[in-house]
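Following: one structure in structure tokens, then a few remarks.
What follows is calculated from the coordinates using simple rules that are stated; it is not laboratory data. Just so it is clear, the model here is predicted, and its values are computed rather than measured. Neighbour counts are summed over all protein chains in view; Cβ atoms, including those assigned to glycine, are modelled from backbone coordinates with ideal geometry.
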Amino acid sequence: MCTCVNCGTAVLESGVGRENGSDWRALMMRPTLIFMVLCFAALHGGVINAQGSYPRAGWQAELNMVAHGVSGTATIVDEDTFQVDNFTYDGGGLAGGVYFYLGASDSQSAFEAGLLAGPDLLGTSYDGTGGPLEINLPGATTLDGYNAVSVWCVDANFNFGSGTFVVPEPATFWLLTFGSVVLLTRRSRSPATRRRQWQ
């Protein structure tokens, strides 16, 4: 075992360097983690209540295409209103009409027993470039108990495209946050940074 005073000093300084380096990384990571938590809370709360006090305001349903080119995103605005963005539909169907229908679930039986909402869509084509369609529920009806939406052909008793309302995931936020953490971690472990820590 080496008992040289200089070696002992070097070992002592090396230990201090490691401790200081660890403290430095902890201090750098702490505000990043706090920032992540605060941003997630703000975004998550904002998604749910961005457009009003209704608990499901902001929930979205992506219309899956089944027939007649139906697609789009339905978003709950408040307790008795939803809007459909980027809506596409070729205007086809049977003479009895094509309407937005709400159902307790995304199923044939739920829509058969569901609620008609909005004007007749039959005969009007939509290419997704127009503004959002605002659909108001009839009378004093609310969206409570209705968890899915369909573009429904009445005479054919057929679903042209439907989706279930869910809380949208803030995917963009998580990608940006993950990228920032990876970059910070790599910088903290770079050779140049380690050399500065041991000096």
> Between Ser53 and Thr129, what length in nm is gained on full extension when 0.36 nm per residue of separation is reduced by their alpha carbon distance?
Replying inline: 24.4 nm
> Length gain on complete extension for the stretch Glu62 to Glu79, per 0.36 nm per residue less the alpha carbon to alpha carbon distance?
Replying inline: 4.2 nm
> Under the Karplus relation 6.51 cos²θ - 1.76 cosθ + 1.60, θ = phi - 60°, what is the ordered set of whole-Hz ³J(HN,Hα) values for the range 64-79, x standing for Gly and Pro?
Replying inline: 7, 6, 10, 7, 6, x, 6, 7, x, 10, 9, 10, 6, 8, 8, 5
>> Given points 7 Å out from each Cα along the Cα-Cβ axis, report the Val167 to Gln108 separation in nanometres with one decimal.
In response: 3.4 nm
> Once the other residues with Cβ under 11 Å from the Cβ of Gln60 are scored (Lys, Arg +1; Asp, Glu -1), what is the net sum?
Replying inline: -2
>> So for each of 98-111, 149-162, 126-139 I average, over its residues, the number of other beta carbons within 10 Å; can you give me the resulting order with the highest mean first?
In response: 149-162, 98-111, 126-139
>> Need one number: % antiparallel among DSSP beta bridges in the range 60-164, to the nearest 5.
In response: 100 percent
